[in-house]
Structures are given as C-alpha cells and as structure tokens.
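Beneath this line is the structure, given in structure tokens, with notes to follow.
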Amino acid sequence: MQLFKKSANKIKVMALGGLNEVGKNMTVIEYKDEIIVIDAGLSFPDDDMLGVDIVIPDITYLIKNRDKIKGIFITHGHEDHIGALPYILKKINVPVYGSKLSIGLIQVKLKEHKLNNVKLNVTTPRQIIKLDHMDVEFIRNNHSIPDACSIAVHTDQGIIYHTGDFKIDLTPIDGDVMDMHRICELSKKGILLMLADSTNAERPGSTLSEKTVGLGLYDLFRKAENSRIIVATFASNIHRLQQIINAAERFGRKVAVSGRSMVNVVGVASELGYLDVPENMLIDLNDLHRYEDSEVVIITTGSQGEPMSALARMASSDHKKVEIRNGDFIIISAHPIPGNEKLISKVINCLFEKGAEVVYDEVDIHVSGHAKQEELKLIHRLAKPKFFMPAHGEYRMLKKHAELAEELGMPSQNIFVNKTGDVLEIDRNSAKVTGTIQTGNVLVDGLGVGDVGNIVLRDRKHLSEDGLMIVVVTISKEEGRVLAGPDIISRGFVYVRESEDLMDGAKNVIKDVLRDCEDKNIKEWAYLKNSIKENLKEYLYQRTKRNPMILPIIMEV
C-alpha cells in the first residue's frame with residue numbers, strides 16, 4: 001500500500017444509477033484529478049416505456065470529465081452491473097477491471113457489439129490497482145454468481161468501502177467464503193464511508209445458503225422420476241446451474257440448454273472453469289428426440305416470464321425445438337422480480353393448460369443472492385464505518401437500511417439516503433451533500449441509444465391508448481382550393497366499416513375548416529393543419545369520448 005500525503009481535498013461520491021431503483025447500478029468516486037467508476041449496469045423498461053429494450057445510466061458527467069477517468073471497476077457479472085458497458089465504452093473508452101468470470105462475460109457482450117479495442121484487466125481477490133490518489137482493492141464476496149467482489153477505495157482521507165451485491169454464505173457452492181477477515185483489517189485502519197447493498201433490507205433474518213437449493217432439487221428430481229424435467233432460472237446464476245447439473249448427473253440424465261443468454265453463460269463458465277460439467281452430459285436441443293423423457297433435463301431462460309424468453313415461447317407453442325407435453329415436470333427456480341408477477345403468472349397458466357406440472361414459489365428451489373437484515377447488521381459491525389450511504393435499492397429499501405444503521409448506533413447525521421445524481425463530498429472529518437449532477441435514464445430501442453425520449457414515449461402511449469387518424473387533403477398551390485379529399489385513414493381508433501356515420505361527420509368537419517380557410521384566403525400549411533386537428537379533435541371527443549392522434553397530411557399540386 002502506497003503512503004499518501006495529507007490533503008484537505010474532499011472526495012466526491014455520486015451515483016449515476018442504483019438509488020431509488022433496482023438495477024442500473026453505477027457509482028462514481030472522484031478525488032483530486034482522478035475518477036473511478038464502480039459498475040455499469042442496465043435496468044429493464046417500465047410498463048410505460050413502450051418499445052424500449054433496456055435502460056442505461058446517463059453518463060453526461062463522465063463524458064465531460066473523460067480525461068480524469070482511470071477505469072471502470074466491476075463487482076460482478078450480473079446484467080444490472082455490466083449490461084451498460086458496451087454502450088458506455090463506445091462513448092468513453094477506458095480500462096475495465098474485474099474478476100475472471102466478470103471479464104469473460106463482458107468479452108461476450110463486447111464481441112456482440114463489435115468492440116475490439118477495450119483494455120480488459122482480470123483481477124484477483126485482495127489485488128490492489130494503484131492510481132495516483134486512490135488505490136482500488138478487490139475483496140471476495142458471496143453472491144448468486146461466482147467471482148463477486150466488494151471494492152475498497154483507499155485514499156489519504158480514509159477508506160471508502162463499497163459492498164457490491166452480497167450475502168453471507170458460510171457454505172457456498174464453490175467453497176470461496178466472503179473475505180470477512182479483510183473487512184475487519186480495513187475496519188481497524190478506519191473505513192470512512194460504506195456504501196452497502198439494500199435489496200433485502202426490509203427482510204428480517206438471514207438469507208439461506210445456496211446449498212439448500214441442491215437438496216430441494218434432488219427431492220423434485222426424485223419425484224419426477226419418469227417425466228421430462230425443465231428448469232427455468234437466471235442464466236447468470238452459475239451456482240444454481242451447477243446444482244441442476246449435479247442433480248442431473250445423480251439421476252442419470254443428460255442436459256440440454258435453451259435460451260441465447262443461457263447458452264452464452266454456460267459456454268463462458270465452462271470454458272473458464274466455473275461450471276463443472278461431466279463429459280458427454282450436454283446434448284443439443286435437436287437431439288432430445290433420441291432420449292426418453294426420464295433421461296433429459298432442459299435448462300432454460302424465462303424464469304421472469306419475459307415474453308421473448310425460451311420458457312415463454314415453449315408455453316405459447318412458439319419454440320422451434322421444444323414442445324410442452326402432457327406430463328412434463330417444470331421447475332421455476334426464481335422468485336418474481338417486483339413488476340413481473342403478471343408475466344410469470346401468464347406463462348405458468350399456459351404451462352398448466354398444456355398438461356405440465358409446474359413447481360414455483362417454493363422456498364427450497366430458490367434463495368436470494370442478497371443479504372437480509374441480520375447479515376447487514378453483521379457487515380455494519382465488522383466495517384464500523386464513520387459515514388454510511390445505503391445503495392442498490394428502491395427508496396423504501398434504502399430508508400430501511402438507514403434505520404438499521406441508526407439502530408446499531410450510527411448518528412443519523414452520518415447517514416445519507418441519497419438520490420441518483422446527488423454529490424456527497426466527504427473528508428476524514430465531515431460529509432455533506434453539496435449539489436447534484438446531470439443523471440437520468442437513457443433508453444435503448446433497437447440500434448438507437450438515447451434517441452427515444454419523453455416526447456416519443458408520450459406519442460407511443462397516445463397511439464397505444466387512443467389510436468391514430470390520418471387526414472389526407474390535396475389543394476391547389478395557386479388558389480388554395482381543395483382538389484381531392486379529405487380522405488381519412490384510421491388505425492387503432494375505430495373500425496371504419498362499422499363507423500361510416502362517424503367518418504362522414506369527420507369529413508364534413510374537415511371540409512368546413514377548409515372552406516373557411518379558403519374564404520379567408522389562408523394558405524399556410526401550419527394553420528391549416530392545426531385547424532383540422534383542433535376541430536376534428538373536438539368533434540371526435542364529443543362523439544366517442546376518445547382522443548386519437550390526428551395527423552393531417554396536405555399535398556399541394
């Protein structure tokens with residue numbers, strides 16, 4: 001560890017995502033003329049973000065300060081921590097640091113985006129990346145993916161400790177227990193600020209070990225002795241995949257993998273040694289017909305009911321290679337993420353209708369990867385930070401975590417329940433929110449990044465709720481006289497053939513507007529279009545109590 005000179009400079013800590021939301025995790029730490037970024041995650045769109053694929057953080061602040069950025073440091077390989085990287089690295093090409101598995105998963109993403117010039121650095125637990133004014137240390141964590149780390153940032157003002165996503169699992173699948181000894185060592189040196197995972201801060205008790213899922217899977221495999229078994233889980237939960245493979249081996253079954261992300265993760269994890277797959281166990285989906293139902297297990301994506309996922313396509317008979325049959329035994333090894341309940345319920349209903357037996361929402365087939373209250377209390381007792389900032393969670397989770405810290409004796413003035421964009425300035429003696437930076441959501445829609453904003457979303461919502469009416473009129477350029485039309489095209493508003501009276505009335509309204517403009521010798525397109533929209537809008541609302549989007553098209557000849 002290098003020695004730092006004493007300085008009166010303050011450290012800035014800012015979240016670009018991950019506060020008041022689950023997902024999109026990204027934290028910026030700035031000291032003197034250096035910036036480090038911890039994680040670069042995505043989140044999935046809300047119901048009102050129609051057509052949007054994913055949501056990533058607004059990195060305007062980083063683009064403005066790109067010369068100060070020394071690297072992006074990744075705590076683990078989940079999408080809500082690495083998913084935004086390809087989009088961000090196109091704007092600011094800086095080094096990326098992370099564990100072997102995290103970097104392996106990132107390489108797959110960057111390859112898909114044809115990014116070949118990014119400097120990727122594989123780190124190991126307790127490794128320290130030395131910068132001029134900060135040293136960044138990786139510390140082993142337990143989570144629902146191997147190679148998870150917390151990060152300690154060493155400065156001359158003190159240590160900033162970022163837990164990342166974690167749980168305290170004393171019997172992890174890979175045997176690598178969280179490095180609590182190192183946290184105690186840092187505590188003795190003095191942790192100035194702790195940022196900690198708040199996802200399960202509302203839940204009492206402790207999170208069960210991932211090993212408990214293995215026992216539950218064995219019981220279910222035994223029960224489904226003569227059935228084909230399909231297990232849906234998160235692709236990134238490699239410990240869960242290992243236990244499914246272990247159960248398949250114990251019961252003499254082959255394993256097929258369905259879903260692009262699942263295939264990618266299994267490939268990377270196997271290649272890097274994080275998945276132990278017995279030789280000749282994996283089979284292609286195309287070869288399922290060669291085996292009896294009692295000889296196969298299908299591992300698939302779709303545990304959240306995502307409409308385009310492999311399980312959802314199986315349930316709706318749209319999957320090209322797997323048809324759900326009477327007697328199939330389906331295990332959904334995940335809890336619904338808040339907001340996804342309806343999606344997964346729809347899929348489960350479809351699976352039952354096809355004659356499958358579905359096991360879901362049972363304690364012994366899924367455990368969380370996040371610490372509950374007793375584990376959070378323990379991490380606070382071990383770290384003993386001077387200041388505390390709850391992270392990674394919706395507001396109620398952050399607030400509950402702040403209350404836990406107070407219960408443990410931390411003064412309320414030392415706890416900061418911040419919003420995304422708040423600037424927390426801190427030194428060894430004080431901490432204070434001093435302002436805000438630009439933040440927000442950048443929406444990714446197909447190949448477009450950030451080109452869909454509030455106005456576009458508002459129009460999409462309008463179209464989805466009330467439909468569209470297009471008015472086409474041809475007028476003479478010289479006289480402004482109507483030569484053809486008005487013709488009306490309706491989409492998503494009313495069925496034209498059954499609404500002739502309404503359409504005739506609409507045409508008459510338009511004709512009256514055009515006649516009035518002709519009498520007044522008004523030829524400006526903007527005025528004509530606006531008059532048509534306003535008068536037609538009033539007429540349609542009186543007749544239908546609906547407000548379709550009205551799009552006038554005027555052609556001059």
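Summary of computed values
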{"read-out": "Residue in region 276-287 that is acidic (Asp, Glu), touching a Gly at 6+ places or on another chain (Cβ under 9 Å) and modelled with pLDDT of 90 or more present", "value": "no"}
{"read-out": "Any hit, region 227-239, residues being under 26 Å from the mean Cα position of the chain (by Cα), touching a residue at least 12 places away in the same chain (Cβ under 8 Å) and open to solvent by 60 Å² or more (accessible area, probe 1.4 Å)", "value": "yes"}
{"read-out": "Cross-chain or 6+ apart pairs with Cβ under 6 Å, region 245-258 first and in a strand (DSSP E or B), then open to solvent by 50 Å² or more (accessible area, probe 1.4 Å) and basic (Lys, Arg)", "value": "none"}
{"read-out": "Matching entry among THR199, THR212 (being closer than 30 Å to GLN157 by Cα, open to solvent by 10 Å² or more (accessible area, probe 1.4 Å) and touching a residue at least 12 places away in the same chain (Cβ under 8 Å))", "value": "THR199"}
{"read-out": "Residues that are surrounded by 24 or more Cβ atoms within 10 Å (Cβ to Cβ) and polar (S, T, N, Q), drawn from region 8-47", "value": "ASN25, THR27"}
{"read-out": "Test: residue in region 299-306 that is more than 22 Å from ILE245 (Cα to Cα) and outside any loop (DSSP other than H, G, I, E, B)", "value": "no"}
{"read-out": "SER187 vs. criteria touching a residue at least 24 places away in the same chain (Cβ under 8 Å), open to solvent by 10 Å² or more (accessible area, probe 1.4 Å) and assigned to a helix (DSSP H, G or I)", "value": "yes"}
{"read-out": "Residue within region 141-149 that is at pLDDT below 95 and either open to solvent by 40 Å² or more (accessible area, probe 1.4 Å) or over 16 Å from ILE238 (Cβ atoms) (or both) present", "value": "yes"}
{"read-out": "Qualifying residues in region 225-241 (those that are aliphatic (A, V, I, L, M) and modelled with pLDDT of 90 or more) - the one farthest from HIS143 (Cα to Cα)", "value": "ILE229"}
{"read-out": "Among (1) at pLDDT 90 or above; (2) open to solvent by 10 Å² or more (accessible area, probe 1.4 Å) - the single one ILE330 does not satisfy", "value": "(2)"}
{"read-out": "Residue ID - nearest to VAL28 (Cα to Cα), chosen from residues in region 97-136 that are of a type in the set (D, E, K, R) and in contact with a strand residue (DSSP E or B) (Cβ under 9 Å, 6 or more places away or on another chain)", "value": "ASP135"}
{"read-out": "Matching entry among VAL265, VAL277, VAL297 (being among the β-branched types (Val, Ile, Thr), over 25 Å from the mean Cα position of the chain (by Cα) and crowded, with 20+ Cβ neighbours inside 10 Å)", "value": "VAL297"}
{"read-out": "Test for ILE173: is it in a strand (DSSP E or B), β-branched (Val, Ile, Thr) and open to solvent by 10 Å² or more (accessible area, probe 1.4 Å)", "value": "no"}
{"read-out": "Criterion violated by CYS350 - all others in (1) open to solvent by less than 10 Å² (accessible area, probe 1.4 Å); (2) touching a helix residue (DSSP H, G or I) at 6+ places or on another chain (Cβ under 8 Å) satisfied", "value": "(1)"}
{"read-out": "Count - residues of region 351-406 that are β-branched (Val, Ile, Thr) and within 20 Å of ILE191 (Cβ to Cβ)", "value": "1"}
{"read-out": "GLY369 vs. criteria closer than 30 Å to ALA334 by Cβ and at pLDDT below 80", "value": "no"}
{"read-out": "Region 243-262, residues that are open to solvent by 20 Å² or more (accessible area, probe 1.4 Å) and within 26 Å of the chain's Cα centre (by Cα)", "value": "VAL257, ARG260, SER261"}
{"read-out": "Qualifying positions in region 346-363 - modelled with pLDDT of 90 or more and of a type outside the set (Lys, Arg)", "value": "VAL347, ILE348, ASN349, CYS350, LEU351, PHE352, GLU353, GLY355, ALA356, GLU357, VAL358, VAL359"}
{"read-out": "Evaluation of SER144 against (1) in a loop (DSSP other than H, G, I, E, B); (2) within 16 Å of THR124 (Cα to Cα) (one fails), failing number", "value": "(2)"}
{"read-out": "Residue identified as open to solvent by less than 10 Å² (accessible area, probe 1.4 Å), within 17 Å of ILE168 (Cβ to Cβ) and outside any loop (DSSP other than H, G, I, E, B) among LEU382, LEU424, LEU376, LEU398", "value": "LEU376"}
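Matching residues to (1) open to solvent by less than 20 Å² (accessible area, probe 1.4 Å); (2) more than 19 Å from SER227 (Cβ to Cβ); (3) assigned to a loop (DSSP other than H, G, I, E, B):
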site: LYS320; (1), (2), (3): no, yes, yes
site: ILE337; (1), (2), (3): no, yes, yes
site: LYS346; (1), (2), (3): no, yes, no
site: ASP364; (1), (2), (3): no, no, no
site: VAL367; (1), (2), (3): yes, yes, yes
site: ALA371; (1), (2), (3): yes, yes, yes
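The values are calculated or read from the model by the stated rules, or taken from the named source; none is laboratory data. Only a predicted model underlies this, so the values are computations on that prediction, with no experimental measurement involved. Glycine gets a Cβ as well: all are built from the backbone with ideal geometry, and neighbour counts include every protein chain shown. Just the protein is used for accessible areas: all its heavy atoms, side chains included, with ligands, DNA and RNA removed. Shrake-Rupley method; radii C 1.70, N 1.55, O 1.52, S 1.80 Å.
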